[in-house]
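Single-structure report; data block below.
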Amino acid sequence: MRKFRTYGEVEHSTGSELLEQVLDQRDRLARRLAEVGTIVAVASGKGGVGKSAVTANLAVSLAARGHRVGVLDADLNGPSLGRMLGVVDAGLEDRADGVVPAEGPRGVRVISMELLQDREDAPLRWKEPNSDTFLWQSSMEAMALREFLADVAWGKLDYLLVDVPPGTDKIRRLLELVPTLPVALLVSTPAEMSRAVVLRSIRLVREAGVPSVALVANMTEYLCPDCGHRGSLFRGDGVRRLAEESGLPIWAEVPFDPRLGEATDRGVPPAAEQAANPVAEAFARIVARLEEPPGPDHEAPGSPSGSADPETSS
Ligand SMILES: Nc1ncnc2c1ncn2[C@@H]1O[C@H](COP(=O)(O)OP(=O)(O)OP(=O)(O)O)[C@@H](O)[C@H]1O
Ligand SMILES: [Mg+2]
């Protein structure tokens, strides 16, 4: 019988000295990060714009191309990637070299708070802070995120996607842990409401010197699952305006496709399965960009390469 421990109690072969543990964890973080190829933050600042759905579909699309992919659900309060990658019931194994991530579709490795729920057979549990004062909660969150990065046996990865929860402070927290973050994808819908928030996030990642920053426009138009007709969804052209104002490229425009939402929420993100449709094409475009060797992005702002004809979008 396994003895249950709370997540905070897990320690690996260091003494109980706090400083020693912290230093050891910092070393482990550096060692782990050296093994995970390209860390891609999927963020926005704004809630409900489709960050998690984009993360899940991008993960399977990358894996379908043969890449080794990990997904870290940094949303501790509203985790969704366990469900979106169909592993909520998988449970986690705690090995000497770290917690083994659950394996989702196409071998995508997933770590999410959803996997640390209080279940009878859970080898690890997350104990929420008793106090809900902001300071305490945010330091607990920072700690949990560090553990997700440092104490998970990710193994060798080509890409580690991090689903960053809403709030610009969450982006800042990730940047503190991963100051050399190579890629940030900022998801936005065309709604004007997203624009101001996403602009703040853009400023933040730029100030942090993230070398590759790009926009992903989500829900740009409505894609009818029955007849394939594409109609307008939001008034306004918030993402193009964002691109113009910030000079950032739009890597893809993902239409609103009810099948995409339904299948993703059911744990089978469809982007990698469906051939030749606007959703799969949008994700293939992001994959192609990520596969390009790193370097300055010279694309003219606001013109997604090879994307839908601007004439056809509202
Ligand atoms: N392009 C799309 N077409 C259809 N459904 C979508 C699309 N993008 C997202 N959805 C669905 O919309 C809902 C909200 O998306 P999601 O949870 O990914 O947003 P989020 O930005 O991660 O939200 P939060 O800020 O709460 O974390 C989900 O049910 C998701 O499957
Ligand atoms: Mg989310």
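One residue stands out in region 157-171 among those that are modelled with pLDDT of 95 or more and more than 14 Å from the chain's Cα centre (by Cα): the one that is surrounded by the most Cβ atoms within 10 Å (Cβ to Cβ), namely LEU157.
Does region 52-67 contain at least one residue that is within 13 Å of ligand 2 (Cβ to nearest atom), more than 20 Å from ASP158 (Cβ to Cβ) and polar (S, T, N, Q)? Taking every residue of region 52-67 in turn, at least one turns out to be within 13 Å of ligand 2 (Cβ to nearest atom), more than 20 Å from ASP158 (Cβ to Cβ) and polar (S, T, N, Q). For ALA96, state whether it is in contact with a strand residue (DSSP E or B) (Cβ under 7 Å, 6 or more places away or on another chain) and away from ligand 2 (no atom under 11 Å from the Cβ). Answer is no for this residue. Candidates are the residues of region 218-245 that are within 11 Å of ligand 1 (Cβ to nearest atom) and in contact (Cβ under 8 Å) with a residue 40 or more places away in the chain; the one that is surrounded by the fewest Cβ atoms within 10 Å (Cβ to Cβ) is LEU233.
The residue that is nearest to ligand 2 (Cβ to nearest atom), counting only those in region 141-183 that are closer than 23 Å to ARG65 by Cβ, of a type outside the set (A, V, I, L, M) and touching a helix residue (DSSP H, G or I) at 6+ places or on another chain (Cβ under 8 Å), is ASP163. Just one residue in the set GLY78, GLY86 is within 13 Å of ligand 2 (Cβ to nearest atom) and not acidic (Asp, Glu); that residue is GLY78. Taking the criterion of being within 12 Å of ligand 2 (Cβ to nearest atom) and either of a type in the set (Gly, Ala, Ser) or in a loop (DSSP other than H, G, I, E, B) (or both), the residues of region 37-51 that qualify are ALA43, SER44, LYS46, GLY47, GLY48, VAL49, GLY50. Restricted to strands (runs of 3 or more DSSP E) entirely inside region 184-276, those with at least 1 residues that are of a type in the set (Lys, Arg) and over 22 Å from LEU174 (Cβ atoms) are 230-232.
The residue list VAL71, VAL60 contains one member that is of a type in the set (Val, Ile, Thr), closer than 17 Å to VAL183 by Cβ and more than 9 Å from ligand 1 (Cβ to nearest atom), which is VAL71. With respect to the conditions (1) surrounded by 19 or more Cβ atoms within 10 Å (Cβ to Cβ); (2) in contact with a Pro (Cβ under 9 Å, 6 or more places away or on another chain), GLY47 falls short on a single one, namely (1).
The values are calculated or read from the model by the stated rules, or taken from the named source; none is laboratory data. In this text, all values refer to a predicted model and were calculated from it rather than measured experimentally. We place every Cβ from the backbone using ideal geometry, glycine too, and count neighbours over all the protein chains shown.
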